[in-house]
Amino acid sequence: MAGSDDRRFEVLRAIVADYVSHQEPVGSKAIVERHSLGVSSATVRNDMASLEEDGYITQPHTSAGRIPTDKGYRVFVDRLSEIKPLSPAERRAIETVLEGAVDLEDVLRRSVRLLAQLTRQVAIVQYPMITNSTVRHLEVVPLTEARLMLVLITGAGQVDQRAVDVGDVITEEDVARLRQMLNSAISGQRMSDAATAVAELPEQCPPELRDAMTRVCTSLVESLVEHPEDRLVLGGTANLTRNAADFPDSLRQVLEALEEQVVVLKLLAATRGPGAVTVRIGEENEDEQMRSTSVVSIGYGSDDTLLGGMGVVGPTRMDYPTTIAAVRAVANYVGQILAGR
């Protein structure tokens, strides 16, 4: 908002707050009555005219009041000096709901429900990107004399199971040797490094185990590379229909876009390291179908390890401070839980 003074920003902030709360265009009289700006209606009208000229607010043709534009929301979000913290009760609710989760899938589904409830928007959580995860443990279980079950457990708590035919009878002693060699090579490694280590294992193992190890490693590499399927959990889509007035011409487009996994993954693609919130407003969204929405997204994980993204999608008329606080808090708890598993 180059060249503008603080008072004009306070007028813009008042228009954003009132429009988000009341869903009606805001006039100068309402601003003077509801907000202690210490100036007259005439001064507010002059500031509004200036804001409108610069493209921060606009006048719907049916009303004397003004509403924020995408540009106005962007300035408002960029100049948020403080994010309204969640109440202690809200924080306790997040903690209680997430701590009761039994496994990774349960954590993600509970997170989506929570985010949708806290923000009254559509919530999205991405499954942990497997390449960013580490190998916690590989269990090798005999199913029959010539068939093994491989159970790969990642640091984020994902479990991948694969059955492998080893081609010949294998003793329990040899199964134990395979298990020990495999875990020595990959436990604690990042997925991509583990895949490289696995590819080299057959050459390093005793001749009598080489054939079985080759078959096991061929199957295991598939578990260690990125899985494109089952990447997202969505919740709260009905919240969009409750805000149908915010999407006079585009609600169907938005709902259709949310069914496209590629589109939704793109919404989370801007997430950086854990804890960094990204807000994309209206026209800033790459996908044309989503240009009537705002997307608040964040990365989750632990320390510097980004496991995945999460966020909410809603109308541009969004309570940004509350939404940002909720997204940040849920991502923080999910990161802590997955780090502790």
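In debye, nearest 20: dipole of the stretch 4-79 around its Cα centre with unit charges on the Cβ of K, R (+) and D, E (-)? Kindly include the intermediate steps, with their values, before the conclusion.
On the way: 10 positive and 12 negative charges, 20 e Å.
Roughly 100 debye, rounded to the nearest 20.
Counting Lys +1, Arg +1, Asp -1, Glu -1, what net charge surrounds Ala329 among other residues with beta carbon under 12 Å of its beta carbon? Mind showing how you got there, number by number?
Numbers: positive: Lys84, Arg91, Arg92, Arg328; negative: Glu90, Glu95.
Taking every Cβ under 12 Å from that of Ala329, the sum is +2.
Give me the accessible area per residue for the chain, probe 1.4 Å, as a whole number in Å². List each step's numbers first, then the result.
Numbers: 16250 Å² over 341 residues.
Per residue, the chain has an accessible area of 48 Å².
Full extension from Lys29 to Ser192: what is 0.36 nm times the residue separation minus their Cα-Cα distance, to one decimal in nm? If you can, show how the numbers build up before the last one.
Details: separation 163, 0.36 × 163 = 58.68 nm, distance 6.14 nm.
Stretched fully, the Lys29-Ser192 segment lengthens by 52.5 nm.
Taking only DSSP H segments of four or more residues, each worth -39500 (n - 2.57), what value at 222 nm results for the chain once the sum is divided by all its residues, to the nearest 500 deg cm²/dmol? Numbers along the way, then the final one.
Working: 13 runs with 164 residues, N = 341.
After summing the helix terms and dividing by the residues of the chain, the value is -15000 deg cm²/dmol.
Which order do the peptides 134-140, 326-332 take when ranked by the mean count of other beta-carbon atoms within 10 Å per residue, highest first? Write down the numbers at each step before the final one.
Numbers: 134-140: 18.6, 326-332: 23.1.
Going by the mean number of other Cβ atoms within 10 Å, highest first, we get 326-332, 134-140.
Determine the gain in length on full extension of the stretch Glu203-Ala89; use 0.36 nm per residue of separation and subtract their C-alpha separation, reporting nm with one decimal.
My answer for the length gained is 35.3 nm.
Which peptide among 49-60, 243-254 comes first, and what is the full order, when sorted by highest mean count of other Cβ atoms within 10 Å? Write out the running numbers ahead of the final one.
Numbers: 49-60: 16.6, 243-254: 14.2.
Final packing ranking: 49-60, 243-254.
Can you tell me how the stretch 85-138 classifies by the Cα gyration tensor, rounded, prolate or oblate, using a/c under 1.5 as the rounded cut?
Working: a/c = 2.53, a/b = 1.78, b/c = 1.42.
Cα axes put the stretch 85-138 in the prolate bin.
Given the Cα-Cα distance of Ala176 and Glu222 and 0.36 nm per residue of separation, how much length would full extension add, in nm?
Numbers: separation 46, 0.36 × 46 = 16.56 nm, distance 2.18 nm.
This chain segment gains 14.4 nm when fully extended.
Rounded to the nearest Å, what's the spacing between the alpha carbon centres of the stretch 298-341 and the stretch 166-227? Just the number, please.
Cα centres, the stretch 298-341 to the stretch 166-227: 36 Å.
Positive end of the dipole of the stretch 160-314, charges at C-beta (+1 Lys, Arg; -1 Asp, Glu), about the Cα centre: which of Val216, Ser297, Ala269 has its Cα farthest in that direction?
Value: Ser297.
Set the Förster radius R0 to 25 Å, insert the Cβ-Cβ distance between Leu265 and Thr241 as r into 1/(1 + (r/R0)^6), and round the FRET efficiency to 0.05. Let's see the in-between values first.
On the way: r = 23 Å, r/R0 = 0.92.
Taking R0 as 25 Å, the efficiency between Leu265 and Thr241 is 0.60.
The values are calculated or read from the model by the stated rules, or taken from the named source; none is laboratory data. A quick note: this is a predicted structure, and the numbers were derived from the prediction, not measured. Counting neighbours? That spans all protein chains shown, and the Cβs are built from the backbone with ideal geometry, glycine included. Side chains are part of the model used for accessible areas, which takes the heavy atoms of the whole protein and leaves out ligands, DNA and RNA. Shrake-Rupley method; radii C 1.70, N 1.55, O 1.52, S 1.80 Å.
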